[in-house]
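Asks: Sending over a structure as structure tokens; questions will come in a sec.
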Amino acid sequence: MNTILFIEVSPRGKDSASRSVSDTLAGRLTDLYPSAKLIRRDLAAEQVPHLDNATLRAISTKDATEAERLKEMAHHSDQLTSELLDCDALVIATPMWNFGIPSTLKAWIDLVVRPGRTFQYANDGGVLGLAKNKKAILVLASGGVFTEGPWRPWDFVEPYLCQILSFIGITDVQTVRVEGMNIPDLAIGAVPRAN
Ligand SMILES: Cc1cc2nc3c(=O)[nH]c(=O)nc-3n(C[C@H](O)[C@H](O)[C@H](O)COP(=O)(O)O)c2cc1C
């Protein structure tokens with residue numbers, strides 16, 4: 001295990017349940033793999049841009065001259081994509097917002113799910129994931145409970161993240177649910193808190 005990439009999404013700092021768990025996970029992974037490099041991408045602090053027309057052209061053009069001219073526009077996407085391709089393990093720690101992922105995480109996904117870099121279509125119409133040999137851990141915080149009960153079909157976080165990760169070749173995925181955070185009896189003591 002050489003490199004572990006953390007994508008941390010919640011803007012709630014020390015109040016964030018998903019960040020609290022990903023901090024604990026970072027500590028445990030460091031104990032397990034002392035020589036591994038941890039990269040922590042804080043999408044709340046960093047403001048990953050939404051994919052705009054110029055960036056879209058820069059990362060999709062097949063014309064070498066145009067690619068060179070638009071190189072600067074592709075820089076952010078190139079950097080995030082290389083970081084993903086270079087890691088051995090990926091941790092995504094995110095809240096559920098309105099039953100899905102926050103748009104900041106979607107913006108990161110839109111910059112790293114790229115034809116020719118992280119996936120390619122096969123001749124038979126199927127798809128080939130190019131982000132090979134990686135494990136992923138999802139840390140998913142939600143106010144309600146989604147692993148069982150009536151709200152289960154409302155979870156568009158875990159199914160979507162598993163599907164998009166498998167699309168790019170990451171199929172070894174474990175999930176840590178931090179759920180019921182808006183239900184006092186479940187939330188109390190649910191996550192480690194720093195004082
Ligand atoms: C804008 C917003 C939307 C939310 N939408 C949902 C939701 O659809 N379902 C749910 O169970 N909890 C929802 N919550 C509650 C959060 O998922 C919960 O507070 C969780 O702990 C947030 O993760 P964090 O503590 O890491 O920030 C929402 C919270 C916010 C701020």
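Asks: Once you order the gyration tensor axes a ≥ b ≥ c over the Cα atoms, which shape class does the chain get: rounded for a/c under 1.5, otherwise prolate or oblate by comparing a/b with b/c?
Replies: prolate
Asks: Please compute the per residue accessible area over the chain with all protein chains in place, 1.4 Å probe, rounded to a whole number of Å².
Replies: That works out to 56 Å² per residue.
Asks: Would you mind counting up the charge near ILE59? Only other residues with Cβ under 9 Å from its Cβ, with Lys and Arg at +1 and Asp and Glu at -1.
Replies: +2
Asks: Could I ask something else about it? Could you please report the charge total around MET73, scoring K, R as +1 and D, E as -1 over all other residues with beta-carbon less than 13 angstrom from its beta-carbon?
Replies: Net charge in that neighbourhood comes out at -2.
Asks: Which residues' amide hydrogens lie under 5 Å from the amide hydrogen of PHE6, considering only partners 5 or more residues apart or on another chain, with H built in the peptide plane?
Replies: Answer set, sorted by chain and number: ILE39, ARG40, ARG41, VAL91.
Asks: Ignoring everything except DSSP H segments at least 4 long, calculate the 222 nm mean residue ellipticity for the chain; use -39,500 (n - 2.57) per segment, divide by total residues, nearest 500.
Replies: Helices in the chain give a 222 nm mean residue ellipticity of -11000 deg cm²/dmol.
Asks: Could you go through region 76-87 in sequence order and give the Karplus-derived ³J(HN,Hα) for each residue, using 6.51 cos²θ - 1.76 cosθ + 1.60 with θ = phi - 60°, rounded to whole Hz, and x for Gly and Pro?
Replies: So the J values, rounded to whole Hz, are 4, 4, 4, 5, 5, 5, 4, 4, 5, 5, 7, 7.
Asks: With a 10 Å radius around each residue's Cβ, average the other Cβ atoms per peptide and rank 156-169, 12-25, 112-125, highest first.
Replies: Packing proxy ranking, top to bottom: 12-25, 156-169, 112-125.
Asks: Tell me, what ³J(HN,Hα) does each residue in region 133-145 have, in order and in whole Hz, if you take phi through Karplus 6.51 cos²θ - 1.76 cosθ + 1.60 with θ = phi - 60° and put x for Gly and Pro?
Replies: Listing the rounded values in order: 6, 10, 9, 10, 10, 9, 10, 10, 9, 8, x, x, 10 Hz.
Asks: Classify region 1-61 as rounded, prolate or oblate, taking a ≥ b ≥ c as the square roots of the eigenvalues of its Cα gyration tensor: rounded when a/c is under 1.5, otherwise prolate if a/b is larger than b/c and oblate if not.
Replies: It is oblate, given that a/c is not under 1.5 and a/b is not larger than b/c.
Asks: Would you mind checking LYS71/LYS132; LYS14/LYS132; LYS37/LYS134 for any pair whose Cα atoms are more than 24 angstrom apart?
Replies: From LYS71/LYS132; LYS14/LYS132; LYS37/LYS134, over 24 Å: LYS71/LYS132; LYS14/LYS132.
Asks: Just add up the charged neighbours of ARG41: K/R +1, D/E -1, any other residue whose Cβ is under 9 Å from the Cβ of ARG41.
Replies: -3
Asks: Taking amide H positions as placed in the peptide plane 1.01 Å from N, state which residues far from ALA136 in sequence (5 or more) or on other chains have amide H under 5 Å from it.
Replies: It is LEU90, ASP172, VAL173, GLN174, by chain and number.
Asks: Which percent of the accessible heavy-atom area of region 3-187 goes to carbon and sulfur, probe 1.4 angstrom?
Replies: Carbon and sulfur: 53 percent of the exposed surface of region 3-187.
The values are calculated or read from the model by the stated rules, or taken from the named source; none is laboratory data. Model, not experiment: these values are computed from the prediction. We place every Cβ from the backbone using ideal geometry, glycine too, and count neighbours over all the protein chains shown. Note: areas computed on protein heavy atoms with side chains; ligands, DNA, RNA excluded. Shrake-Rupley method; radii C 1.70, N 1.55, O 1.52, S 1.80 Å.
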